[in-house]
Amino acid sequence: MSNPFTVSLVCWHDGEPLLRAVRDAVFIREQGVPEELEWDEFDEQCRHALALSHSGEAVGCGRIFTNGHIGRIAVLKPWRDQRVGTALVEALLNEARSRKYKFVDVDAQTHAVPFYEGLGFSIQGKEFMDAGLPHIKMKLELKPR
């Protein structure tokens, strides 16, 4: 069975309206992250993964920095538990491998730790607060495929 969505890698310039729509819905409206903390100068420098439904609706997104840090993984509520998050992270991991990164890391919201552990990430350090939400640093060693 094929997925009811596709994931593409895009630059901020090409995907901004769709990326903003997902992050606004998940981080700002659902989780209460202040707008001034959500939007930063790093979006232009990052490579973004964008999940679209077959009808063209943006349903998830994420980004990877040039240093291998993955962040802003977001999936709209109706699309959760359909492997959208996994597909987004896998696309970003493939991007990291293509850039020959040895490691990637993520500042995971604590409720998402099992999700990232399922992808092979391990906890590094102690819990900390970011944008009013508990997080923990996680790391993954990338092995060539």
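None of the figures in this text is laboratory data; all of them are computed from the coordinates on show. This structure is a prediction, so every number in the text was calculated from the model and none was measured. Please note: Cβ atoms are built from the backbone with ideal geometry, for glycine as well, and neighbour counts cover all protein chains shown.
Given the Cα atoms of segment 60-103, and with Rh set as the inverse mean 1/r over their pairs in the Kirkwood sense, what is Rg to Rh to two decimals? Expressed as Rg/Rh, it is 1.02. Note down the Stokes-Einstein diffusion coefficient of segment 27-69 in µm²/s, whole number, using a Kirkwood radius over alpha carbon pairs, 25 °C, and 0.890 mPa s. Answer, rounded: 204 µm²/s. A helix-only calculation puts the chain at -7500 deg cm²/dmol for mean residue ellipticity at 222 nm, using -39500 (n - 2.57) for each DSSP H run of at least four residues, averaged over all residues. The lysine pair count for the chain, using Cα distances under 21 Å and pairs eight or more places apart or on different chains, is 7.
Between Gln82 and Thr110, the FRET efficiency estimated from the beta carbon spacing at R0 = 25 angstrom works out to 0.65.
Reported value for the chain: 115 Å³ per residue, from the convex hull of its C-alpha atoms. Shown here are the Rg and Dmax of the Cα trace of segment 16-98, at 12.3, 35 Å. Whole angstrom only: what separates the Cα centroid of segment 95-136 from the Cα centroid of segment 29-44? With segment 95-136 and segment 29-44 each reduced to a Cα centre, they are spaced 18 Å.
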